[in-house]
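J.: The structure under discussion is supplied below as structure tokens; questions concerning it will follow.
The values are calculated or read from the model by the stated rules, or taken from the named source; none is laboratory data. These numbers come from a predicted model, not from an experiment. No Cβ is skipped: glycine too gets one built from the backbone with ideal geometry, and neighbour counts run over all protein chains shown. SASA here: full protein model, heavy atoms, side chains in, ligands and nucleic acids out. Shrake-Rupley method; radii C 1.70, N 1.55, O 1.52, S 1.80 Å.
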Amino acid sequence: MQIARTIPELRKCLGGQRRAAFVPTMGNLHDGHLSLVEKARTLGDLSVASIFVNRLQFLPHEDFDTYPRTWESDCEKLRAAGCDVLFAPDEKALYPEPQTCKVQPDPALADILEGHFRPGFFTGVCTVVMKLFACVQPQFAVFGKKDYQQLMVIRHMVRQFALPIDVVGVETHRAEDGLALSTRNGYLGKDERVEARQLSQTLRSAAQAVRDGERDFAAIEARAVVALSARGWKPDYVALRRQSDLQAPVAGDPLVVLAAARLGNTRLIDNLEID
């Protein structure tokens, strides 16, 4: 695996390769990230991953400074997964001057759900992803469905800017008890880790209510919030939305149920598509 720390080093590693498959990450890699790398290896002639903790997508009270940075372990995992190139710039390399030009995503998609509770988050995400796309110039970009809204926002950005990139979504990688793998799972205490599986169980219950024919979506959402709250969670939202654009459900459209809730000091998100 070649490692590039600067944009010129990256372009030298790529050697003009135009069929790269790219996996952007913030490091602290787990099996969910590695499943994205494995998917990338099936798509392009060259698999490229990046590790960059993007300050622009953290709110002032969030965990930028304490976000786990596990460089040696990450490199070992990427090598074992068969990654060809790792782009790992520092802030000076990626943002040599203040990033005053930013990508403002469509508010109809980016200011709801996560964007409502984390204002400006998707501006930070879109700005860094656009810059990484410009650096790597991939043909494919691979994202996990665990961050469902992020995947939708990135797809919309790529479509709006007519970028020649195929954005590929990969199914959420889960632990045996159903918990979606996430870097922030590492913040959970032992008892919290056991309780954390309740989030995916709550989503499954909501999805089953829809499959059983219930169409009072607000009531389904409210029950889920009450159920989580009764167990000590602090839910931000449980929402049933259209898969296509995350807007309010319309009869006959494929749906997804999404949730974000805090367990102790750890905020977890998850979702489940409803067939």
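J.: Over the chain, with the other protein chains present, what is the accessible area per residue in square angstrom, probe 1.4 angstrom? Numbers along the way, then the final one.
T.: Working: 13120 Å² over 275 residues.
Result: 48 Å² per residue.
J.: Give me, ordered by chain and number, the residues 5 or more places off ALA4 or on other chains with an amide H under 5 Å from its own placed amide H.
T.: The list, which skips near neighbours in sequence, is LEU86, PHE87, ALA88.
J.: Where the Cα atoms of the chain are projected onto their three principal axes, how long is each span, largest first, in whole Å?
T.: 55, 41, 36
J.: Put a dot 7 Å past each Cα toward the Cβ at ASP245 and HIS61; how far apart are the dots in nm?
T.: Placing both labels 7 Å along Cα→Cβ, they lie 3.3 nm apart.
J.: Separate question: Do you know the relative contact order of the chain, to the nearest whole percent, from alpha carbon pairs under 8 angstrom that are 6+ apart?
T.: Details: 465 pairs, mean separation 48.7, N = 275.
Computed value for the chain: 18 percent relative contact order.
J.: Gain in length, ARG197 to ALA80, computed as 0.36 nm per residue apart minus the alpha-carbon separation, to one decimal in nm? All intermediate terms of the calculation are to be shown ahead of the outcome.
T.: Details: separation 117, 0.36 × 117 = 42.12 nm, distance 2.86 nm.
Stretched out fully, the ARG197 to ALA80 stretch lengthens by 39.3 nm.
J.: Computed over the Cα atoms of segment 51-197, what is the convex hull's projected area averaged over all directions, in nm²? Don't skip to the end; give the middle numbers.
T.: Details: hull surface 40.8 nm².
Average projection, Cα convex hull of segment 51-197: 10.2 nm².
J.: Identify which of ARG231, ARG197, ARG79 has the largest mean-square fluctuation in a Gaussian network model of the chain, with springs joining Cα atoms closer than 10 Å.
T.: ARG231
J.: Write down the Kirkwood hydrodynamic radius of segment 140-275, to one decimal in angstroms, obtained as one divided by the mean of 1/r over all alpha carbon pairs. Walk me through the numbers on the way to the answer.
T.: Numbers: mean 1/r = 0.0636 Å⁻¹.
Across segment 140-275, the inverse of the average 1/r is 15.7 Å.
J.: Step through the residues of segment 86-93 one at a time and calculate ³J(HN,Hα) from phi using the Karplus curve (6.51 cos²θ - 1.76 cosθ + 1.60, θ = phi - 60°), rounding each to whole Hz and writing x for Gly and Pro.
T.: Values, residue by residue: 10, 9, 10, x, 8, 4, 5, 6 Hz.
J.: Would you pull out the residues with amide H under 5 Å of GLU62's amide H, same chain only if 5 or more places away, H placed 1.01 Å from N?
T.: Hits under the 5 Å cutoff: none.
J.: Got the relative contact order for segment 71-154 handy, in percent, Cα pairs under 8 Å and 6 or more residues apart? All intermediate terms of the calculation are to be shown ahead of the outcome.
T.: Working: 34 pairs, mean separation 22.7, N = 84.
Normalised by residue count, the contact order of segment 71-154 is 27 percent.
J.: Moving to a separate point now. Using Cα pairs closer than 8 Å and at least 6 residues apart in sequence, work out the relative contact order for segment 47-189, in percent. Provide the component values of the computation, followed by the final result.
T.: Details: 129 pairs, mean separation 32.3, N = 143.
Reported relative contact order: 23 percent.
J.: Quick one: if you stick a label point 7 Å off each Cα along the C-beta vector at GLU72 and ASP31, how many nm between them?
T.: Label at GLU72, label at ASP31, 2.4 nm between them.
J.: I've got another one for you. Only helical DSSP H runs with n ≥ 4 go in: add -39500 (n - 2.57) per run for the chain, normalise by residue count and round the 222 nm mean residue ellipticity to 500 deg cm²/dmol. Write down the numbers at each step before the final one.
T.: Details: 10 runs with 109 residues, N = 275.
Result for the chain: -12000 deg cm²/dmol, rounded to the nearest 500.
J.: Using θ = phi - 60° and the Karplus curve 6.51 cos²θ - 1.76 cosθ + 1.60, what whole-Hz ³J(HN,Hα) does each residue of segment 99-105 get, with Gly and Pro shown as x?
T.: Working through the residues one at a time gives 7, 7, 8, 10, 9, 9, x Hz.
J.: More than 21 Å apart: what percent of Cα pairs in segment 3-101 qualify?
T.: Values: 1777 of 4851 pairs.
It works out to 37 percent of all Cα pairs.
J.: Give me the percent of the accessible area of the chain that comes from carbon and sulfur atoms, probe 1.4 Å, all protein chains in place. Write out the running numbers ahead of the final one.
T.: On the way: 6590 of 13120 Å².
So the carbon and sulfur contribution to the accessible surface is 50 percent.
J.: How large is the convex hull of the Cα atoms of segment 151-202 per residue, expressed in Å³ as a whole number? List each step's numbers first, then the result.
T.: Details: hull volume 5.0 nm³, N = 52.
Given the Cα convex hull of segment 151-202, per-residue volume reads 96 Å³.
J.: Here's a follow-up. Over the chain, what is the percentage of antiparallel beta bridges among all DSSP beta bridges, to the nearest 5?
T.: Values: 18 of 37 bridges.
That works out to approximately 50 percent antiparallel.
J.: Please list 3J(HN,Hα) in residue order for segment 240-257, calculated via the Karplus relation 6.51 cos²θ - 1.76 cosθ + 1.60 where θ = phi - 60°; whole Hz, with x for glycine and proline.
T.: The phi angles translate into 9, 9, 5, 4, 5, 8, 6, 8, 4, x, 10, 3, x, 7, x, 10, 9, 10 Hz.
J.: Mind checking which of GLN104, GLN137, GLN149 has the largest fluctuation in a GNM of the chain, springs on alpha carbons under 10 Å?
T.: With Cα springs under 10 Å in the chain, the top fluctuation among GLN104, GLN137, GLN149 is at GLN104.
J.: Oh, and also: GNM on the chain, C-alpha springs below 10 Å: top fluctuator among LYS146, LYS92, LYS234?
T.: Of LYS146, LYS92, LYS234, the Gaussian network model singles out LYS92 as fluctuating most.
J.: Quick one: of LYS146/LYS234; LYS39/LYS77; LYS92/LYS131; LYS39/LYS190, which pairs are farther than 23 Å apart, Cα to Cα? Each step should come with its number before you reach the end.
T.: Numbers: LYS146/LYS234 20 Å; LYS39/LYS77 15 Å; LYS92/LYS131 14 Å; LYS39/LYS190 32 Å.
Over 23 Å Cα-Cα: LYS39/LYS190.
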